[in-house]
1. Mind listing whichever residues of the range 5-24 are within 15 Å of the ligand (Cβ to nearest atom) and of a type in the set (A, V, I, L, M)?
2. So if I check each of PRO51, PRO5, which one is within 23 Å of ARG148 (Cβ to Cβ), modelled with pLDDT under 95 and surrounded by fewer than 13 Cβ atoms within 10 Å (Cβ to Cβ)?
3. Given (1) surrounded by 15 or more Cβ atoms within 10 Å (Cβ to Cβ); (2) on the phi > 0 side of the Ramachandran plot, identify the lone condition not met by GLY125.
4. Only one of ASP39, ASP104 is within 16 Å of the ligand (Cβ to nearest atom) and either open to solvent by less than 80 Å² (accessible area, probe 1.4 Å) or without any contact (Cβ under 8 Å) to a residue 60 or more places away in the chain (or both); which?
5. Among the residues of the range 186-210, count how many are in a loop (DSSP other than H, G, I, E, B) and open to solvent by 100 Å² or more (accessible area, probe 1.4 Å).
6. Based on what the data block shows, is VAL35 closer than 25 Å to ALA67 by Cα and part of a helix (DSSP H, G or I)?
7. Answer yes if at least one residue in the range 116-135 is within 11 Å of the ligand (Cβ to nearest atom), touching a Pro at 6+ places or on another chain (Cβ under 9 Å), without any contact (Cβ under 8 Å) to a residue 60 or more places away in the chain and closer than 30 Å to GLU16 by Cα, and no otherwise.
8. Give the residue that is surrounded by the most Cβ atoms within 10 Å (Cβ to Cβ), with candidates limited to residues of the range 155-174 that are more than 10 Å from the ligand (Cβ to nearest atom) and touching a residue at least 12 places away in the same chain (Cβ under 8 Å).
Amino acid sequence: MSDSPHRARLIDLTTEELLTTTRTVRRRLDLDRPVARADVERAIEIALQAPSGGNKGGLRWLVIDDAATRQAVGEVWAECAEVYLRRLPADDPMIPGARRLQRDMGRVPVLVIPTIQGRPPSGGGLAGTASFWGSVLPAMWSFMLALRARGMGSAWTQIHLAREEKVARIVGIPSQVTQAGLLPVAWTVGTEFKPARRERVEEVVSWNTW
Ligand SMILES: Cc1cc2nc3c(=O)[nH]c(=O)nc-3n(C[C@H](O)[C@H](O)[C@H](O)COP(=O)(O)O)c2cc1C
């Protein structure tokens, strides 16, 4: 079946609005509205424009839209979330949203696992580690921006990496490939998102000396 009736269009956002309102969406992911494969692939195509160390590339994107596979991966994610959430103080404001995502992860229409060839370097020091992760994380962020530009959304998540090998077994990711996270992809319920409260620029910038 063609998925063209479900195709996204770019929504009306300035570049600065896009950059300041792309949020981790946990409670406003539409579980029922189909996501077109072509939109996911376009967002990945955009993400491939992100920088990588030495321009080596090496990213592979595992995209899951099969219901049983989503459920199986969602269960692993939920187990990891349980461990993480139990350690948070009971009044942490993130808990309600995280609990919702814990419940829903396996039912989000598409789950995307960005991966990078190789394993994180054990030698090479800080520069090697920075280069390894720095070659995949910008692309993940570009992917989230590309979704937001289309009225869709995601949540930046990495907790399942604690049980990376369980997910690798479910979807057949080879041992020499590193998963960088798990990005649920859905239409968002409404497209209005606000800039988050962050540090003021005066608090975080020093000029010339620390
Ligand atoms: C390195 C990193 C790891 C994260 N891991 C998770 C995660 O495993 N689960 C989750 O629900 N959110 C995760 N987040 C999302 C953050 O909680 C979120 O970015 C933060 O609360 C700020 O909210 P915002 O993205 O809406 O601005 C992660 C974000 C980053 C940058």
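1. LEU18, LEU19, listed by residue number.
2. That would be PRO5, the only listed residue that is within 23 Å of ARG148 (Cβ to Cβ), modelled with pLDDT under 95 and surrounded by fewer than 13 Cβ atoms within 10 Å (Cβ to Cβ).
3. Tallying (1) surrounded by 15 or more Cβ atoms within 10 Å (Cβ to Cβ); (2) on the phi > 0 side of the Ramachandran plot, GLY125 fails exactly one: (1).
4. ASP104
5. 10
6. On the way: closer than 25 Å to ALA67 by Cα: yes; part of a helix (DSSP H, G or I): no.
Taking the combined requirement at face value, the residue does not satisfy it.
7. Here is the first cut: in the range 116-135, the residues within 11 Å of the ligand (Cβ to nearest atom) are 133.
Then keep just the ones that are touching a Pro at 6+ places or on another chain (Cβ under 9 Å); that gives 133.
If we keep only those that are without any contact (Cβ under 8 Å) to a residue 60 or more places away in the chain as well, we get 133.
Among the residues that remain, those that are also closer than 30 Å to GLU16 by Cα are: 133.
The answer is yes; a qualifying residue exists.
8. VAL167
The values are calculated or read from the model by the stated rules, or taken from the named source; none is laboratory data. What you see is a predicted model; the values in this text were computed from it and never measured. Because the Cβ atoms are built from the backbone with ideal geometry, glycine has one as well, and the counts that use them run over all protein chains shown. Each accessible area value is taken on the protein alone, full model and side chains, heavy atoms only, with ligands, DNA and RNA left out. Shrake-Rupley method; radii C 1.70, N 1.55, O 1.52, S 1.80 Å.
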